[in-house]
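For reference, the structure is listed below as structure tokens.
Just so it is clear, none of the values below were taken in a lab; they were calculated from the coordinates. No experiment lies behind these values; they were computed from the predicted model shown. Neighbour counts are summed over all protein chains in view; Cβ atoms, including those assigned to glycine, are modelled from backbone coordinates with ideal geometry.
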Amino acid sequence: MTMMEEKMHSTQVPGGTPPMTTFVRRLRALAVPALARMYRPEDQTFVFRLRLTPGGIAAEGVSKRYTAITLIGLANEEKALVDLVLAGTDMKTVCDGLVREVGRSDNLGDVALLLWAALAIDYCDTQPIRKRLFELQPRERMYPVVEVAWALAALCNDQHSSSDTLRDALAARLLSAFEPRSSVFPHILGEGTTSLRSHVACFADLVYPVHALAQYSKLTGNKMALDCARRCADLFCRKQGPEGQWWWHYDWRTGDVIEPYPVYAVHQDAMAPMALFALEEVTGQNLAPYIEKGLAWLARSPELGGGSLVDDDVTMIWRKVARREPGKMTRTLQTLVSRFHPRLRAPGLDVIFPVGAVDYEDRPYHLGWLLYAWPSARIAQWETR
């Protein structure tokens, strides 16, 4: 039996799909020791990833971005849980190390997430982060839509008066980029439509703007922001796979799915829920059926013969289910073909490149967003629905 076959066997889920709150509690229970294994006390940062190797599970790299996201996830947790993850280190001490280097960062996403994290943990001095965020000119320069959405989400939590103008400008920038005919945001703001993949948006390009604009609408009462967030969420909920899969690539021109795979665990248990919960809080809509369906796929994936990316044996949630293909060939083919006409797709890919490959790694940002989306209080509320 190969290593992959052994792992597939170990991740089979006995019986039916568990109650969703029971399943989410199980995910949280896995997240805590996994994050503790991802933390490097000597550097006070989180690794880039844990990956299954022939010698076992190995840590690779470090990531300031993932460290900031993990702090956001830990911000509302009890001290005992935080101490387990950070080996007794205070969150503000971890934040200190990130803030000391923020002036040298040219990455808008990293700076935006750090501001969000610092505000979430009541860090004493956020001015250096705010200053660097302004210097990066997020309202003018070309940036990924995800990073601008993170900046808007951070500023929605910032009570400093100097942030108001930039917050409104970033919301306006997202709204102006929204394509009303498709209900999709572009991948890059300011890029134009001439590149071969400018028509392709990924799932992250949808959920993070929905999350940020819902928060902005809640804060300001802006109806246009709420309308765009609602329409985009309605689009990806309508496109949700038959077994709850949150598909990967969408056509900015039409809203159609260009290429469904890979399906990522973080989309199923964290990113889609955090966006839909933010929208629920403003609209009062009941979006639980879509969230539950996404979780049900993670619990029992038909692509894995009823198996799961959730692996209790090694306390991991594996990253994704993908096609068996060299590199990113399917996504590249579908991007090129659909560029010529929105309805065109490369034929026969399900046969040539069947689905079922598991990516045996996980990254701290997944588990950070999982804790952010599912604090204990939210799970308790779900149990009383």
Sort the following peptides by mean Cβ neighbour count (other Cβ atoms within 10 Å, averaged over residues), highest first: 45-53, 346-354. 45-53, 346-354
Residues with amide H under 5 Å from that of Trp252, placed H, sequence gap 5 or more: Val200, Ala201
Linear extension gain, Thr220 paired with Gln159, 0.36 nm per residue minus alpha-carbon span: 20.7 nm
Sites Leu344 and Val314, calculated FRET efficiency, Cβ-Cβ separation with R0 45 Å, nearest 0.05: 0.60
Stretchable slack from Ser195 to Lys328, in nm (0.36 nm times residue separation minus alpha-carbon distance): 46.1 nm
Where the centroid of each part is defined by its Cα atoms, how far is region 232-311 from region 178-207 in Å? 19
R0 of 45 Å, Cβ-Cβ distance Thr93-Ala172: FRET efficiency to nearest 0.05: 0.75
What helix-only [θ] at 222 nm does the chain give? Using -39500 (n - 2.57) per DSSP H run of at least 4, over all residues, to the nearest 500, the answer is -15500 deg cm²/dmol
Surpassing 25 Å at the alpha-carbon level, of the pairs Lys239/Lys328; Lys293/Lys320; Lys79/Lys218; Lys131/Lys223; Lys223/Lys320, are Lys79/Lys218; Lys131/Lys223; Lys223/Lys320
Of the peptides 368-375, 81-88, how do they stack up when ordered by the mean number of other Cβ atoms within 10 Å, highest first? 368-375, 81-88
Gyration tensor (alpha-carbon) shape descriptor, region 278-367, a/c threshold 1.5: oblate
Among 55-64, 171-180, how do they line up from the highest to the lowest mean number of other beta-carbon atoms within 10 Å? 171-180, 55-64
Between Val62 and Lys131, what FRET efficiency follows from the Cβ-Cβ distance if R0 is 25 Å, with the result rounded to 0.05? 0.55
Trypsin sites (Lys or Arg not before Pro) within region 258-362, DSSP loop, no more than 11 other Cβ atoms inside 10 Å: Arg324, Arg343
In nm, to one decimal, how far is the modelled label at Glu42 from the one at Met142, with both set 7 Å along Cα→Cβ? 4.1
